[in-house]
Each structure stands twice: as structure tokens, then as C-alpha cells.
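K.L.:
Shown below is the structure under consideration.
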Amino acid sequence: HAKIQGKARQQMFDVTMSADNLARLQLEIDLRRAKEREQLLVYYQPIVNLKTGHLSGFEALMRWKHPHRGAVSPGAFIPLAEETGLIVPMGWWILQEACEQIRLWGEEFPDFALTISVNLSGRQFSQPQLAKEVGKILKATRVNPQRLRLEITETTIMENETIVAQTLQDLKAMDIQLSIDDFGTGYSSLSRLRSFPIDTLKIDRSFVMRMEQEPENLEITRAIIRMADSLGIEVIAEGIEHQEHLQLLRKLRCKYGQGYLFAKPLAAEDAIALLRENPKW
Ligand code: C2E
Ligand code: MG
Ligand code: MG
Ligand code: MG
């Protein structure tokens, strides 16, 4: 009897959701409605040319303004969006928004020649028509393809090597800039990545933020910049928070940088204010 009772209890437990699962399901339900309810926002973080100290572009970063939870960070909803496939429509949405925005800024501030960086998730790469669809958005928003930079993590590249290789070739043929995101966190080597038509790589902020305290991280950063340079790849350092980081990276001749020292990701109107101000760092 004890055994049967135990089994019955087990089944009861199975149909009853744990609090964690319930919370996750609720978040998923909310996320499914987020786009139509206009709760998704695009924030823009400046990317600075370290040589000139001027703004060179922005990275578009998604934000979710949840009705009860407030601003939910991508760390909490992007993984869920990827698991559920919601990242695909969300990814098209942010690409369209960001392209419209950069066209408008390009008209208002023609002297800047700004680029816009948009993140692509692995899920988006499983769509065979990816390059074609990107082309349609560029055409509809009248954005010069050279102004668009698509960011792909090294993990995404390594997980779907063959599909990604073809899609990257197609995007490159359209004159779009391609960037490897979070470089150094995966296990790929630069020589392996060389077979992909990459224009820039972004050194992960974990290296940049520990450059001062740990000489090893400084050496890794130096090596990445040197190797990228010899391959004709430009480097963007992420996570520049202190003046010391900036000085070190300038010494290493890193071309671009991004981080809280310059600005956090900004709402569109704050990004416009920054463009008007035209700061020099
Ligand atoms: P990411 O593409 O590497 O974006 C850079 C992240 O670093 C952003 O976090 C940014 O706010 C943060 N960051 C920039 N400078 C600093 C700094 O100086 N210090 C620190 N501590 N952090 C800094 P965020 O906006 O929370 O985004 C996290 C990740 O979520 C992104 O990492 C990206 O992988 C993903 N993500 C965001 N928006 C999108 C999107 O539209 N599509 C896709 N597929 N992924 C996105
Ligand atoms: Mg990125
Ligand atoms: Mg990154
Ligand atoms: Mg990252």
C-alpha cells in the first residue's frame, strides 16, 4: 500500500508546478504579449572611436518594460526568448527599429557617419532566408548596408558552423559589417574564425574589467588586439568603466570602445541629447 500511495503522491507532485516553474511560465506568457503591448524598447549604447574620442555608433540593446516588474534586463528574458523561439520575431523587430532610428539620426547628424550594431541570436540563423530578410529591412528603412553591423557570439558561430558560414557570406556580399561578440569567452581560436568574413571583434568585458588587477588579462587583451590587427580585423573593447581602462586600451591601440565610462545604454531621446552635445572623450 505504501508503494501505491507513494506513487500517487508522486503523480500529484508532478502535476503541481513548483514555484520556480510557475514563475517562469508566467514570465513566458507575459513575454509572448510584450511586443503587441508595446512593452519592448530599444536602448542605445555609444561606441567610441578611441583614437579620435568621438562617437562612432551605437549598439542597440533590448529592454522589456514589464507592467509589474519594471525594467527586466536582457539577462533575464533573452534566454527565455531563445528557448521559446520568441527571439525570432523580437529580433526582426529590433533590427527594424534600430535601422529606422539610425536613418533618422543620419539625416539629423550627417557629420557623424554612425553605425548601428544589432545582436543576432543563434535561433535567427536557423532561418535560411535570414540574409534576404535583412536586405528587405535595409531597403525599407533606406539604410546603407555599410552602416549596419551585426553581432554574433563566437558560441553561435561554433555551434552552427556550416549554416552560419553560408549566411555570413551572404550578409558580407551585401556589404553589411560583421562582428564577433563576447570574444574570448568561447573556445574558438582566431585562426579558426579567420575563415569567416569578420570585420570586427568585441573583446569580452570580463577581460577588460580585470586588466588592471590581473596582468594575465592585460596580456590576453594585448594578444587579441595584436592578432586581430595582423588579420585586418578591427577591435571593440567592451566594459570600459574607468579612465585607467581607457588609457591602457589606447596604449594597446585598440580602435573602438564601449562602456559605462562613456555612457550606459540610453533611451533614444538621451542618445539624441548626446549626439547634440558631441562629446570628446
Ligand atoms: P552584449 O551584446 O555583449 O551587450 C553588451 C552588454 O554589456 C549590455 O548588457 C551592456 O549594457 C553591458 N555593458 C556595456 N558596458 C558595460 C560596462 O562598462 N560595464 C558593465 N558591467 N556592463 C556593460 P545588456 O543590455 O544587459 O545585454 C546583455 C546581453 O543580452 C547582450 O550582451 C546580448 O547578448 C543580449 N541582448 C541584448 N539585446 C539583445 C537583442 O536585441 N537581441 C539578442 N539576440 N540579444 C540581445
Ligand atoms: Mg552585443
Ligand atoms: Mg558583448
Ligand atoms: Mg555579452
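K.L.:
Taking the full set of protein chains and a 1.4 angstrom probe, give the accessible area of residue 133 in square angstrom, rounded to the nearest 10.
P.N.:
Here the residue's solvent-accessible area equals roughly 60 Å².
K.L.:
Something else: For the stretch 1-154, state the average projected area of the convex hull of the C-alpha atoms over all orientations, rounded to one decimal in nm².
P.N.:
Details: hull surface 53.7 nm².
The orientation-averaged projected area of the Cα hull of the stretch 1-154 comes to 13.4 nm².
K.L.:
For the stretch 234-267 and the stretch 25-79, what is the centre-to-centre distance using only Cα atoms, to the nearest Å?
P.N.:
21
K.L.:
Same structure again: Taking only DSSP H segments of four or more residues, each worth -39500 (n - 2.57), what value at 222 nm results for the chain once the sum is divided by all its residues, to the nearest 500 deg cm²/dmol? Write down the numbers at each step before the final one.
P.N.:
Working: 13 runs with 142 residues, N = 281.
Roughly -15500 deg cm²/dmol at 222 nm, from the helical runs in the chain.
K.L.:
Moving on. Grab the Cα-Cα distance for residue 276 and residue 17, subtract it from 0.36 nm times how many residues apart they are, and report the gain in nm with one decimal. Present the calculation step by step, with values, prior to reporting the outcome.
P.N.:
Values: separation 259, 0.36 × 259 = 93.24 nm, distance 5.21 nm.
Gain in length upon complete extension: 88.0 nm.
K.L.:
At a 1.4 Å probe, what is the % contribution of carbon and sulfur to the accessible area of the chain?
P.N.:
Details: 7610 of 15030 Å².
That fraction is 51 percent.
K.L.:
Assuming a strict under-28 Å limit between Cα atoms, what lysine pair count do you get for the stretch 44-203 once near-sequence pairs (fewer than 8 apart, same chain) are dropped?
P.N.:
Number of lysine pairs found: 10.
K.L.:
Could you give the C-alpha radius of gyration of the chain expressed as a fraction of 2.2 N^0.38 Å, taking N as the number of residues it contains?
P.N.:
Working: Rg = 21.2 Å, N = 281, 2.2 N^0.38 = 18.7 Å.
So the Cα radius of gyration is 1.13 times the expected 2.2 N^0.38 Å.
K.L.:
Let me ask something else. Report the equivalent ellipsoid semi-axes for the stretch 94-218 in whole Å, largest first, defined as the square roots of five times the eigenvalues of the gyration tensor built from alpha carbon atoms. Could you put the intermediate results ahead of the total?
P.N.:
Numbers: eigenvalues 143, 82, 24 Å².
One finds semi-axes of 27, 20, 11 Å for the stretch 94-218.
K.L.:
Now, a different point. With the dipole of the chain worked out from charges on the C-beta (+1 for Lys and Arg, -1 for Asp and Glu) around the Cα centre, which of 236, 184, 122 lies farthest toward the positive end?
P.N.:
The listed residue farthest towards the positive side: 122.
K.L.:
Extension gain residue 84-residue 165, at 0.36 nm per residue separation less the Cα-Cα distance, in nm? Mind showing how you got there, number by number?
P.N.:
Numbers: separation 81, 0.36 × 81 = 29.16 nm, distance 2.44 nm.
Using 0.36 nm per residue and subtracting the Cα-Cα distance, I get 26.7 nm.
K.L.:
Between residue 194 and residue 247, what is the spin-label point distance in nm, taking each point 7 Å from the Cα along the Cα→C-beta axis?
P.N.:
Once both label points are built, they end up 3.5 nm from each other.
The values are calculated or read from the model by the stated rules, or taken from the named source; none is laboratory data. Bear in mind the structure is a predicted one, so any value in this text is a computation, not a measurement. FYI the Cβ positions are ideal-geometry reconstructions off the backbone, even for glycines, and counts take in every protein chain you see. SASA here: full protein model, heavy atoms, side chains in, ligands and nucleic acids out. Shrake-Rupley method; radii C 1.70, N 1.55, O 1.52, S 1.80 Å.
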